[in-house]
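Engineer: One structure follows; several queries about it will come next.
The values are calculated or read from the model by the stated rules, or taken from the named source; none is laboratory data. Quick caveat, the model's predicted, so the values are computed rather than measured. Every residue, glycine as well, gets a Cβ built from its backbone with ideal geometry; the counts of neighbours run over all protein chains shown. Ligands, DNA and RNA are stripped out before the accessible areas are found, and what is left, the full protein with its side chains, is counted by its heavy atoms. Shrake-Rupley method; radii C 1.70, N 1.55, O 1.52, S 1.80 Å.
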Amino acid sequence: MERMLDNIKDYTLPELEAWLGERGERPFRARQVFQWLYQHRATEFAQMSSLGKELRATLAAHFHPGNLALAARAESADGSTKFAFALADGRQIETVLMPNLTHYTVCVSTQVGCAMGCDFCATAQMGLVRNLSPGEIVQQVVEAARAIDGDKLVRNVVFMGMGEPLHNFDALKAALEILQSDHGFGLSARRLTVSTSGLVPAIRRYAREGLRANLAVSLNAVDDTVRTRLMPVNRRWNIAALLDACREVPAENRYRITFEYVLLAGLTDRLEDAHRLVRLLHGFKCKVNLIPYNAHPDSAYRAPTLEHAHAFQRILLDRGVLATIRISKGQDIQAACGQLVRQGPPQAGAALAAG
Ligand code: SAH
Ligand code: SF4
């Protein structure tokens, strides 16, 4: 019957305060509920012992706690873990937990599939199945944090899993608010990064509505012919339009702007491309994240050698453009950038194969 109830994790703190207020409860009760959900990571209302019995019963009559069912889990040799979670409708999404030196980073999905159709990306092959709700986004962080063995904490969340975050704007906005709430996860905006393929009107809306998170923009090519071939979105908003929109996002909203650039052998990784990239980004206070292509089954593209990636990076660095090479984690378990893909809802009774 859980499906008839609302997901309590779809509610931001002010929304939950309003809901409780309408029922004659005091606002601080909402803060307590948030603490139970996100700090103690309670899985049932019955565990919320600081709330009265009656309030717990009211909550349980209207809401479900938004838990996700683990469908599969795979561990990479590099320490990262990929989870497949089954949603209430049987659809599946993927989440990746990645260890850093002192903390963890969680990579969350924002949609089941993706509508953007980038030619090099495995998720694109699914098409867009549906948007995730705020609670379904936030719960990925809760579940990943719960799986941590030891006392290192989740400190960074990157919106770089399945889906185009800015194509699911309202849910993204609510999820960011919940993750940042002092009574929720209390993550600083500087520790959150939203990656977009370049939906220009949504980037403008992001600026206008004052969303707070780092912005990462998947530039991926330096000329429109190549970018259009790789990313259909470029037909609608080309490189110049995209960079114009990025310039308009006030620094205090985007904290830091990162341009992601997938290195595809012979296509985007030519040394002359590096020189063009330097010219394109002239005047931007930004960082470039070079991502050597991660192959997936059926992919037609190839990655450059690491040596060549370093030569590309060197050109940027020598000209004052901060550039890093992202060696994607979880490649051996298909958890790296652009490798996330889940099939549609399983047939009734079909086993959800592990791994
Ligand atoms: N949809 C968003 C976020 C998810 S993809 C976006 O496109 O920005 C995160 C990053 O992985 C993007 O920069 C994308 O260009 C890159 N990517 C996708 N497929 C990849 C692949 N197979 N190898 C390397 N990077 C890939
Ligand atoms: Fe969607 Fe990003 Fe993959 Fe493009 S790269 S299809 S926007 S998930």
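Engineer: GluC sites (Glu not before Pro), restricted to the range 10-116: which are DSSP loop and have at most 13 other Cβ atoms within 10 Å?
Structural biologist: Details: sites: GLU15, GLU17, GLU22, GLU25, GLU44, GLU54, GLU75, GLU94; in loops: GLU25, GLU44.
Within the range 10-116, the qualifying GluC sites (Glu not before Pro) (loop, at most 13 other Cβ atoms within 10 Å) are GLU44.
Engineer: I've got another one for you. Straight-line reach from LYS173: which aspartates and glutamates fall under 12 Å, measuring Cα to Cα and dropping same-chain residues less than 8 apart?
Structural biologist: Those aspartates and glutamates meeting the cut-off are ASP10, GLU209.
Engineer: What do you get for the angle between helix 53-62 and the principal long axis of the chain? Use alpha-carbon atoms, 0 to 90 degrees, nearest ten.
Structural biologist: 50 degrees
Engineer: Using per-residue counts of other Cβ atoms within 10 Å, averaged over each peptide, order 305-312, 116-123 from highest down.
Structural biologist: Most protected by this proxy first, the peptides run 116-123, 305-312.
Engineer: Got a sec to turn the phi values of the range 9-14 into Karplus ³J(HN,Hα) couplings, 6.51 cos²θ - 1.76 cosθ + 1.60 with θ = phi - 60°, whole Hz, x for Gly and Pro?
Structural biologist: 7, 6, 8, 6, 4, x
Engineer: Grab the Cα-Cα distance for GLU22 and LEU271, subtract it from 0.36 nm times how many residues apart they are, and report the gain in nm with one decimal. Write out the running numbers ahead of the final one.
Structural biologist: Values: separation 249, 0.36 × 249 = 89.64 nm, distance 6.21 nm.
Result: 83.4 nm gained on full extension.
Engineer: With the contact rule set at Cα under 8 Å and sequence spacing of 6 or more, what percent relative contact order holds for the chain?
Structural biologist: Working: 689 pairs, mean separation 60.1, N = 355.
Relative contact order here is 17 percent.
Engineer: Taking N as the number of residues in the range 70-176, what is its Cα Rg relative to 2.2 N^0.38 Å? Mind showing how you got there, number by number?
Structural biologist: Numbers: Rg = 13.5 Å, N = 107, 2.2 N^0.38 = 13.0 Å.
Here the answer is 1.04, to two decimals.
Engineer: Could you work out the relative contact order of the range 153-193? I mean the mean sequence separation of Cα pairs under 8 Å and 6+ apart, divided by the number of residues, in percent. Mind dumping the intermediate values first?
Structural biologist: On the way: 26 pairs, mean separation 19.8, N = 41.
Once normalised by length, the contact order is 48 percent.
Engineer: A follow-up question, please. Out of the GluC sites (Glu not before Pro) in the range 204-280, which ones are loop residues according to DSSP with at most 13 other C-beta atoms within 10 Å?
Structural biologist: GLU209
Engineer: Next question. How much of the DSSP beta bridge set in the chain is antiparallel, as a percent to the nearest 5? Show your work: numbers first, answer last.
Structural biologist: On the way: 19 of 47 bridges.
Antiparallel: roughly 40 percent of the beta bridges in the chain.
Engineer: Could you tell me how many degrees, from 0 to 90 and to the nearest 10, lie between the Cα long axis of helix 169-180 and the main elongation axis, the longest principal axis, of the Cα atoms of the chain?
Structural biologist: 70 degrees
Engineer: Using all Cα-Cα distances in the range 130-231, what percent lands in each 10 angstrom bin from 0 up to the longest?
Structural biologist: Calculated P(r), rounded to whole percents: 14, 44, 29, 11, 2.
Engineer: Follow-up question, since we're still on this one. Work out how much length THR228 to ARG208 would gain on full extension: take 0.36 nm times their residue separation and subtract the Cα-Cα distance, in nm to one decimal. Walk me through the numbers before you get to the answer.
Structural biologist: On the way: separation 20, 0.36 × 20 = 7.20 nm, distance 2.72 nm.
Taking THR228 through ARG208 to full extension adds about 4.5 nm, to one decimal.
Engineer: Let me ask something additional. Lys and Arg at +1, Asp and Glu at -1: add these up for the other residues within a Cβ distance under 14 Å of THR268 and post the number. Each step should come with its number before you reach the end.
Structural biologist: On the way: positive: ARG227, ARG229, ARG270, ARG276, ARG302; negative: ASP119, ASP223, ASP224, GLU260, ASP269, GLU272, ASP273.
Computed value for this residue: -2.
Engineer: Please pull out the direction-averaged projected area of the chain, using the convex hull of its alpha-carbon atoms, in nm² to one decimal place.
Structural biologist: Answer in nm², one decimal: 18.3.
Engineer: In whole percent, how big is the carbon plus sulfur part of the accessible area of the chain, probe 1.4 Å, protein atoms only?
Structural biologist: Working: 7850 of 15710 Å².
Answer for the chain is 50 percent, counting heavy atoms of protein chains only.
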